[in-house]
């Protein structure tokens, strides 16, 4: 292993899996910082604890500032998590907000503090969340005869697309050329996929994702 200093932050490091991760990293020579509501009950000279409620955005922001001011991080382990189990009719949006803040928001805040990188995180994370919800709903609602599926469009020629890519530009032509079917999609392509899922004749199809993407979800091939 490299002798370069290694410092890891572990969220939820005070108990359970998080504590086990802290102990393992300490054994590997890491300096470890636990972020949790309680101080980690680990007696080790290379362990530090910052007590914080990671579901509180403001408190997490302050903890992140303290973290990067005191330590040069090499590893971020976002382990903290909670479960607020409820079937769809009982789901409270306040629970959703709390889980998003902890599971996604906290991770974003910590990585932003550590790296300062701009990404498309919010878009991709929420879209990924839709896939997870659809799979769960498909199982929950199947006994009621309700199907739940997802249509995932690729590059489609819409106003939103042209807000990002100038119409008729070289970038648009290059994007079209990179699609395996060698064209951009049209809104009607997506509409036909939705029609398939909406057709009662296809009621045996549920919990699926249909990529309407010209093959871009598989990859691109330049010959």
Expected sort for 56-66, 180-190, 90-100 on mean C-beta neighbours within 10 Å, highest first, is 56-66, 180-190, 90-100
Restricting to Cα pairs under 8 Å and 6 or more apart, the percent relative contact order of the range 7-119 works out to 27 percent
Rounded to the nearest Å, the spacing of the alpha-carbon centers of the range 146-181 and the range 48-118 is 33 Å
Simple spin-label estimate for residue 37/residue 186, 7 Å along Cα→Cβ, in nm, reads 5.5 nm
To the nearest 0.05, the calculated FRET efficiency linking residue 74 and residue 144 through their beta-carbon distance, R0 being 35 Å, is 0.10
Expected max-MSF residue from 202, 149, 79 in the GNM of the chain (alpha carbon, under 10 Å) is 202
Labelled set (1) 21.1; (2) 19.9; (3) 18.4; Kirkwood radius over Cα pairs in Å computed from this model equals the value at (1)
Kirkwood Rh for the range 131-212 from C-alpha pairs, in Å, is 14.4 Å
Expected unfolding gain across residue 210-residue 178 under the 0.36 nm per residue rule, minus the alpha-carbon gap, is 9.5 nm
Measuring from the longest principal axis of the C-alpha atoms of the chain, the long axis of helix 187-198 (C-alpha) lies at a number of degrees, nearest 10, equal to 80 degrees
Taking a crude spin-label model, label points 7 Å out from Cα along the C-beta direction, the residue 96 to residue 121 distance in nm is 2.1 nm
So for the range 38-131, using the alpha carbon gyration tensor with a ≥ b ≥ c as root eigenvalues (a/c under 1.5 gives rounded; past that, a/b versus b/c decides prolate or oblate), I'd call it oblate
Checking 175, 88, 110 against a Gaussian network model of the chain (alpha-carbon springs below 10 Å), the top fluctuating residue turns out to be 175
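No lab work stands behind these numbers, since they all come straight from the coordinates. Source: prediction; values computed, not measured. Heads up, the Cβs are rebuilt from the backbone with ideal geometry, glycines too, and the neighbour counts pull from every protein chain shown.
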